[in-house]
Amino acid sequence: MNPIQIVLCLLCSVVASQAQIKVAIHDSATTAAGMASRSDGVAVTTSSETWNNAVGQTVSGMALADMSGAATTATLSYAAGFLKGNEIGWESQSQDWVMMEAWIGFKTTESLTVSDLPASYAAGYSVVIYGDSNDGGTRTMEYLVDDGSGVTSETILDAGYFSGSFSSDKTVVITGLTGTSFTLTGNASSSDSRSALSGFEIIPGVVPAIDSFTADDHYVALGEGVTLSWSTSNVTTLTLDPGNIDVTGTTSRLVTLNTSTSYTLTATGDDQSTTAQVEVTVGPERPNILLILVDDFGSMDTSVPFAYDSYDDSGAELDTAFNNFYHTLNMETLAANGMKFSQAYAMPMCSPTRVSLMTGQNSPRHGVTVHLNVYETVDNASFAVKTHRGPNNWRWMGMDGTDIALPQLLKDIGYHTFFVGKDHMSHTQDPSSIGFDVVDDGLYKATALTPKATTMLEDAVAAGNPFFGYISYRDVHTSFYYASDVDADDYTESYNDEHQKFATMVESVDNSLGAVLAKLTELGVEEDTLIIFLGDNGSDSPALSDEGWAKGTAFDDFPMRGKKGSTYEGGIRVPLIVAWASPNGSNSFQQTLPIPAASVEHDMVTVEDIAPTILAMVDRSSPTMDGYDLTPYLRAESGTHRPQKILRHMPHEHRSDYFTCFREGDWKIIYRYHTNLFELYNLATDPDESENLASAQQGKLLTMARAMARELDTSWGAYGTLWPTHNPTELAKPARPLEDDPFFIDFSIDSRDVVDSDSDGLADALEDADGDGLLGATETDSDNSDTDGDRTDDYSEVRLGLDPLDANSAFALQARAVDSESLTLTWPSAAGAFFNVRSSDDLSTPVEGWDVLIPDVEATAGVSETVQDVPINGDKAFFSVELLP
């Protein structure tokens, strides 16, 4: 009897004789029928093969055909303990996704049996098992196979979501079977989880195997050599591509690269073949980048000061009680090594920030305008404001395959990309689908995340490519707990027990940051690695009230207002530190981007700026993004390098409901859709937003309101105008679509109807007739007294019967000679208007200083122009006509 062997496929695709039997598991007839209508996958290729579609949690005596479609004597029966449909969007994907759409789960007390295989199978066959639960966590799945000659056990480590193909970590090949029946079972009956089975193949003969296929370097310079190495078994011939090179009998080959290349090793034996691939990228030297995100971590939740008495070069740090309370020595070290941004803005909630980090887009454009909710529905569970609901078209399922994302853009130029920690970017796809090579997404405490992150760093360095790592902490999000690596007695001065727990979580994150920095040093890549460290939204500290004020008196020097989910500064300002892990001015990467130690930048920056900054740093072209390249700041180049304005749009409920806020310079305006009310603050004199100037400064309010409307109008993307919606039935989850509630300026409030922002004589209420703050096709500009640029203000054109939107319809003076001593002047006019005719013999004199030649000329009634004769005295004369008030 042949020994039973367990072989893990390495990115393998097994091609075998026509007698093999293939089975896909389905949870419904829909996917079974859909199998043939999708394009071929890697494992499933129905265009040339017949697959048996097993539907449901139990199957009894199902006849099995071979891949040619011919009937066989074999039958399939199983009684699975679990059946799951994954809802992964298979309709637009390949056949591998269709098979992955569902899986059955087994424990040792549950089994699958294939009976009565053709007699020829007794000569030996293999079983290929496709196992993937598509669970975001990690589970070990054991598979026990008994063909009558004994039980063989092997495992698959199932980590992360399905990424599009059944690669080595989702597939196991069991060879050397000879029984004409076999039974498959799964994890021990005492286990919390079952072993997942999405499909399997039964292949007669001995399967050739590629046990390993590696390169000694995966990222090299042009013309550099790389050694490819492999080990195989049951192989007759071995071919390396490109080039169709016969490497039978060898175990390695030196190749020289002039371009990035995907090498394919094909092993053939016993009328079957398998392949494995290795990618080697050719490119210039590039730095490593670590993006580190902390959940619900505000700018005052650290011992590093981010608040100043003024945000300019003369500003001094505010040494606050919160800063003195927390112990974050590693954050202090990071800030000492590089640059902190004192006015960095995230979104009010986590998911919009996370998507902005990946896309470089503001939330109105990428469409994720609030956190993805656990119910996976358009409407979040909260229902504080019954009259309104969120937008009809916001992306409540998060990112999908349409997004052009930062990790994929970096991966395309050879970066090894990895992600560990909290995802919250999508309900529909794994982070690998936006370009992450390695993913371990879970809501880990900092102490659990640290070893995962450091292991990923070890693997990234071993891979040889420059790496981009995204480390996303679940901490310091609720629910609060006492971190096991921190002494809670250090925080007895906390506001309450919950605040004490929160403080230990903050320090635990800082400890983890220190461990990451230490690992970079241990691996010898600290000088080549840039750290970008920030929070995902404002603080959710238990020491802050829901209104965003410090509780009690111990922390009442909190220098701002607001917390997570709020429109105020405390809800959207976050700590941001950018630094080389270990500064060294002789390092070539640091010479290209020399970040001054212990520096601070006061200009406003945003999370949308992170992606374009990274791409600029590595010389990678990028799609159109809303953010700006911050590398001039990091090089301490003088001047302002991005517009000093910030827009935040959250058309949902939270601590602040249904709002858009806009900051330009020191001024900030807030609009709440469900109340149709504004707030206006001057942050230079009122940093904690306690003095609402909306009523007192109507002119400034309307100017800012229009600026906000214009900014929002240019920020919409593929998902349309994401306005809050009216909810006339006041149901928590009403039928969609609902009617939009767009931005609207109510001119009937606070005497706004008499405000004339551009002093052209036309009130803003007349110029912005629909109150949307935008310049409509038939509206004059409230911020420009001469909308059409013809040098006549809008109100004068209206009085003269001219078109203030047409530069060719202008208040122009025409002259015709009557004789040598007089001229006839003609100009546009309307009944009721009066004019002065002025004259001068010297153009250097301002017009308003010319002599009034003929005063109070009344417009000619019944016609659209006035005609006036004027005398010419002297050798030269100049004339002008002015419209009188």
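The values are calculated or read from the model by the stated rules, or taken from the named source; none is laboratory data. Predicted model, so just to flag it, every value in this text is computed and none were measured. Methodologically, a virtual Cβ is constructed for each residue, glycine included, from the backbone with ideal geometry; neighbour enumeration extends over all protein chains shown.
For the range 660-708, name all the residues that are in contact with an Asp or Glu (Cβ under 9 Å, 6 or more places away or on another chain), small (G, A, S) and closer than 19 Å to R573 by Cβ.
A684
Any residue at all in the range 672-691 that is at negative phi, buried (at least 21 other Cβ atoms within 10 Å of the Cβ) and assigned to a loop (DSSP other than H, G, I, E, B)?
yes
Six or more apart or on different chains, Cβ under 7 Å: which pairs go from a residue in the range 59-79 that's in contact (Cβ under 8 Å) with a residue 12 or more places away in the chain to one that's part of a strand (DSSP E or B) and of a type in the set (D, E, K, R)? Could you list them?
M67/K22
Of all the residues that make up the range 474-507, how many are under 13 Å from T447 (Cβ atoms) and in a helix (DSSP H, G or I)?
Residues that pass the stated criteria total 3.
Given the conditions (1) in a loop (DSSP other than H, G, I, E, B); (2) more than 30 Å from F383 (Cα to Cα), and given that I745 satisfies all but one, which numbered condition is not satisfied?
Answer for I745: the failing condition is (2).
State whether the residues of the range 766-786 include one that is surrounded by fewer than 18 Cβ atoms within 10 Å (Cβ to Cβ), under 21 Å from A831 (Cβ atoms) and within 42 Å of the chain's Cα centre (by Cα).
There is at least one residue in the range 766-786 that is surrounded by fewer than 18 Cβ atoms within 10 Å (Cβ to Cβ), under 21 Å from A831 (Cβ atoms) and within 42 Å of the chain's Cα centre (by Cα).
Give the range 299-341 a look and list any residue that's assigned to a helix (DSSP H, G or I) and without any contact (Cβ under 8 Å) to a residue 60 or more places away in the chain, or say none.
Once the filter is applied, which keeps residues that are assigned to a helix (DSSP H, G or I) and without any contact (Cβ under 8 Å) to a residue 60 or more places away in the chain, the range 299-341 yields N323, N324, E332.
Scan the range 637-647 residue by residue and report those that are over 19 Å from the mean Cα position of the chain (by Cα) and not in a loop (DSSP other than H, G, I, E, B).
Selection gives K645 alone.
Of everything in the range 699-750 that's farther than 21 Å from S356 by Cα and touching a Pro at 6+ places or on another chain (Cβ under 7 Å), which residue is surrounded by the most Cβ atoms within 10 Å (Cβ to Cβ)?
Out of the qualifying residues, it is T725.
Could you count how many residues in the range 766-787 are within 22 Å of L884 (Cβ to Cβ) and not hydroxyl-bearing (S, T, Y)?
Count: 2.
Yes/no per residue for (1) outside any loop (DSSP other than H, G, I, E, B); (2) exposed (fewer than 15 other Cβ atoms within 10 Å of the Cβ); (3) in contact with an Asp or Glu (Cβ under 9 Å, 6 or more places away or on another chain); (4) not acidic (D, E):
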position	(1), (2), (3), (4)
V206	no, no, yes, yes
V226	yes, no, yes, yes
T232	yes, no, yes, yes
R253	yes, no, no, yes
Y263	yes, no, yes, yes
A267	yes, no, no, yes
V280	yes, no, yes, yes
R286	no, no, yes, yes
L290	yes, no, no, yes
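Given the conditions (1) crowded, with 24+ Cβ neighbours inside 10 Å; (2) under 22 Å from I572 (Cα atoms); (3) within 18 Å of the chain's Cα centre (by Cα), which single one is not true for P391?
(3)
Could you check the range 92-197 for strands (runs of 3 or more DSSP E) lying wholly inside it with 3 or more residues that are at pLDDT below 90 and in the same structural domain as S28 (by TED's automatic domain parsing)?
138-146, 151-159, 171-177
Determine whether the range 488-498 contains at least one residue that is of a type in the set (S, T, N, Q) and closer than 30 Å to H416 by Cα.
no
When you look at H652, is it surrounded by 23 or more Cβ atoms within 10 Å (Cβ to Cβ) and modelled with pLDDT of 95 or more, yes or no?
yes
On the basis of being modelled with pLDDT of 95 or more, touching a helix residue (DSSP H, G or I) at 6+ places or on another chain (Cβ under 7 Å) and either buried (at least 24 other Cβ atoms within 10 Å of the Cβ) or hydrophobic (A, V, I, L, M, F, W, C) (or both), does T447 make the cut?
No.
Could you tell me whether the range 844-852 includes any residue that is of a type in the set (F, W, Y) and either over 60 Å from the mean Cα position of the chain (by Cα) or surrounded by fewer than 16 Cβ atoms within 10 Å (Cβ to Cβ) (or both)?
Yes: one or more hits.
Need pairs with beta-carbon distance below 9 Å; first residue under 10 Å from N337 (Cα atoms) and within the range 561-589, second among the small types (G, A, S) and not in a loop (DSSP other than H, G, I, E, B); sequence gap 6+ or separate chains.
Listed by first residue and then by second, the contacts come to I577/A335; A579/A335; A579/A336.
Based on what the data block shows, is V476 crowded, with 24+ Cβ neighbours inside 10 Å, of a type outside the set (K, R) and touching an Asp or Glu at 6+ places or on another chain (Cβ under 6 Å)?
yes
Kindly indicate whether any position in the range 332-349 is of a type in the set (S, T, Y), touching a Phe, Trp or Tyr at 6+ places or on another chain (Cβ under 7 Å) and farther than 22 Å from R663 by Cβ.
no
Does S809 satisfy the condition of being at pLDDT 95 or above and not charged (D, E, K, R)?
Yes; evaluated as a whole, the condition is true for this residue.
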